[in-house]
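Shown next, in structure tokens, is the structure this report addresses.
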Amino acid sequence: MNRLAATADAALPVIAALVITVLLFSGAVGLAGFDPLEVWGLIYAGGFGDAFAWQNTLQRAAPLMLTGLAVALPAQAGRVIIGAEGALVLGGLAAAALGTVLASGSPWFVWPAMALAGALAGGLWIALAGWLREKREVNETISSLLLAFIAIALFNQCVETVLRDPASLNKPATSTLPDALMLPPLPGLDVHWGLVAGIALALLAAVVMRFTPLGLALKVAGGNPRTAMGVGLPVATLTVGACFAGGASAGLAGAIEVAAVHGSANGSLIAGYGYTGILIAFAARFSPAGVIPVALLVGGIAASGSLLQRRLGLPDAAVTVLLGFAFVALIGCETLRGRGFFTRRT
């Protein structure tokens, strides 16, 4: 009975946030003159209704898993990082630049090299926010957000100047990868390998956090830094390393988007995946494994935007409004956590 009550207390904030989100979004579309039930039905059909919808969902969920990890992994060490968008675009830029240099190489060499370049670029960028916190007491949440804006500015500067392909006239971009270097989709699916990378990294991180000394050390460092230092744990190394791992996940997402979707680094890479990753990590309670189902749900909602636009004339921004309601509701309902509504108080 006590375990059931504890489970109910843990689930209450999520359930409350879900109910509030449904009510808010239903009210918003109702005031706009649409039938909320029809809208919800189309959201389900557009994201999960058939095989085509599922492929769109999986395609969108792939980078979201990695950007969700960009927030969830630093959180294991007590760091709230929200600058994954910057790590993603720099990762894509580094991968595109290296891919251009190695354009004549074998795909089996170029693809890992591009992935490594993207992961290093993103990891070092977010590690900078962690380092600033450890060495200069700069709030990592604010610094990572500001670094994201700086990264996007650097990305635009490079794409429009030193790395710009002269053939890209209306839409500045780096040189396009040869067809032989474009990452093929998964066998039998129109979904790229970012999905496999996201699931694999999330599960690996979950195993590390639960079953290894490193995971225990991260939990101690994130939960009580003084205790961690008292038992001799290298708190600064652990926290900066967790930030690096998170940034590397986002940078890898950017590299895969370049190699599998865009073929070059251009403005389409700035698609808000990094900011959506914040919602995913918070909804998953910063659980690396929990990022997977939440990313699938958010990917399905995002995939339904075009169907809402075609059937009802709702703008694509409607799903952004829905996700915004969900994020605000999640943050607000966190105040319910730990109140013990169902457990007995002694």
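What are the residues in segment 162-184 that are closer than 15 Å to Pro107 by Cα and among the charged types (D, E, K, R), if any?
Asp179
Which of the residues spanning segment 295-330 are in contact with a Phe, Trp or Tyr (Cβ under 9 Å, 6 or more places away or on another chain) and within 15 Å of Leu24 (Cα to Cα)?
Ala318, Val321, Leu322, Phe325, Ala326, Phe327, Leu330
So if I check each of Ser268, Ser287, which one is of a type in the set (Ser, Thr, Tyr), closer than 29 Å to Gly78 by Cα and in contact with a helix residue (DSSP H, G or I) (Cβ under 9 Å, 6 or more places away or on another chain)?
Numbers: Ser268 fails: closer than 29 Å to Gly78 by Cα.
Among Ser268, Ser287, only Ser287 is of a type in the set (Ser, Thr, Tyr), closer than 29 Å to Gly78 by Cα and in contact with a helix residue (DSSP H, G or I) (Cβ under 9 Å, 6 or more places away or on another chain).
Checking the conditions here, which among Ile331, Ile280, Ile292 is of a type in the set (Val, Ile, Thr), in a helix (DSSP H, G or I) and surrounded by fewer than 19 Cβ atoms within 10 Å (Cβ to Cβ)? Please lay out each step first, then the result.
On the way: Ile280 fails: surrounded by fewer than 19 Cβ atoms within 10 Å (Cβ to Cβ); Ile292 fails: surrounded by fewer than 19 Cβ atoms within 10 Å (Cβ to Cβ).
None of the others qualify; the one that does is Ile331.
Go through Leu124, Leu147, Leu132 for me and flag whichever is in a helix (DSSP H, G or I), surrounded by 17 or more Cβ atoms within 10 Å (Cβ to Cβ) and in contact with a Gly (Cβ under 6 Å, 6 or more places away or on another chain).
Details: Leu124 fails: in contact with a Gly (Cβ under 6 Å, 6 or more places away or on another chain); Leu132 fails: in contact with a Gly (Cβ under 6 Å, 6 or more places away or on another chain).
The unique qualifying residue is Leu147.
Does any residue of segment 178-198 turn out to be in contact (Cβ under 8 Å) with a residue 60 or more places away in the chain, farther than 23 Å from Ala61 by Cβ and in a helix (DSSP H, G or I)?
yes
Residues in segment 96-142 that are without any contact (Cβ under 8 Å) to a residue 24 or more places away in the chain and either under 17 Å from the mean Cα position of the chain (by Cα) or at positive phi (or both): how many?
Qualifying residue count, segment 96-142: 1.
Could you please tell me which pairs satisfy a Cβ distance under 6 Å, a separation of 6+ or placement on different chains, a first residue in segment 243-272 that is at negative phi, and a second residue that is among the hydroxyl-bearing types (Ser, Thr, Tyr) and assigned to a helix (DSSP H, G or I)?
Here the result reads Ala250/Thr67; Ala253/Thr67; His262/Ser268, each pair linking segment 243-272 to a residue that is among the hydroxyl-bearing types (Ser, Thr, Tyr) and assigned to a helix (DSSP H, G or I).
Only one of Gly41, Gly92 is among the small types (Gly, Ala, Ser), under 30 Å from Val261 (Cβ atoms), part of a helix (DSSP H, G or I) and under 18 Å from the mean Cα position of the chain (by Cα). Can you tell me which? Before you say what the answer is, go through the steps one by one.
Working: Gly41 fails: under 18 Å from the mean Cα position of the chain (by Cα).
The conditions single out Gly92.
Just to be sure I understand, how many residues within segment 199-225 are without any contact (Cβ under 8 Å) to a residue 24 or more places away in the chain and charged (D, E, K, R)?
1
No lab work stands behind these numbers, since they all come straight from the coordinates. Being a predicted model, the structure only gives us computed values, none of them experimental. For neighbour counting, all protein chains shown are included, and Cβ atoms are generated from backbone atoms with ideal geometry for every residue, glycine included.
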